[in-house]
């Protein structure tokens, strides 16, 4: 899937594992591209946690696009990583991504503030069902 060329992905170590910051247009193609990049890095580094700072802009993905995205990422190595997805500019429809991710068995939450996400990532209770 082609991105529009202006997607920027920055990866760094974080005390809970991995910190990824993405920016650029928030299209479905770009969102899928950054999640594929994250999955490859997770497979390589095997962090216990992922702090994703999502600074993409533009219209929110639809519920169907979020569901398709989560389904396409199933089995890509994110199942054993605690994921804190931060959207500082507002959640838009990101909560649908959390719901679909949790249904797929991922330990994932969405946040508007990095500090709250960081706290949850390092100390929060697991969201996996027993």
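Readers should treat all values here as calculations from the given coordinates under stated rules, not as data from a laboratory. This is a predicted model, so every value here is computed, not measured. Here the Cβ is made from the backbone with ideal geometry for all residues, glycine too, and neighbour counts use every protein chain on show.
Given the range 8-123, what percent of its DSSP beta bridges are antiparallel, to the nearest 5? Please list the in-between numbers first.
On the way: 7 of 26 bridges.
Beta bridges within the range 8-123, antiparallel portion: roughly 25 percent.
Over the Cα atoms of the range 20-62, each weighted equally, I'd like the Debye log10 I(q)/I(0) at q = 0.32 Å⁻¹, rounded to two decimals.
-1.16
Given all pairs of different Cα atoms, what value in angstroms does the Kirkwood hydrodynamic radius of the range 8-123 take? Mind dumping the intermediate values first?
On the way: mean 1/r = 0.0724 Å⁻¹.
Its Kirkwood hydrodynamic radius stands at 13.8 Å.
For residue 11 and residue 74, compute 0.36 nm times the residue count separating them, minus their Cα-Cα distance, and round to one decimal in nm.
Values: separation 63, 0.36 × 63 = 22.68 nm, distance 2.16 nm.
Length difference between fully extended and current span is 20.5 nm.
Under a plain spin-label model, where a point goes 7 Å from the Cα along Cα-to-Cβ, how far apart in nm are residue 28 and residue 119?
Modelled inter-label distance: 3.7 nm.
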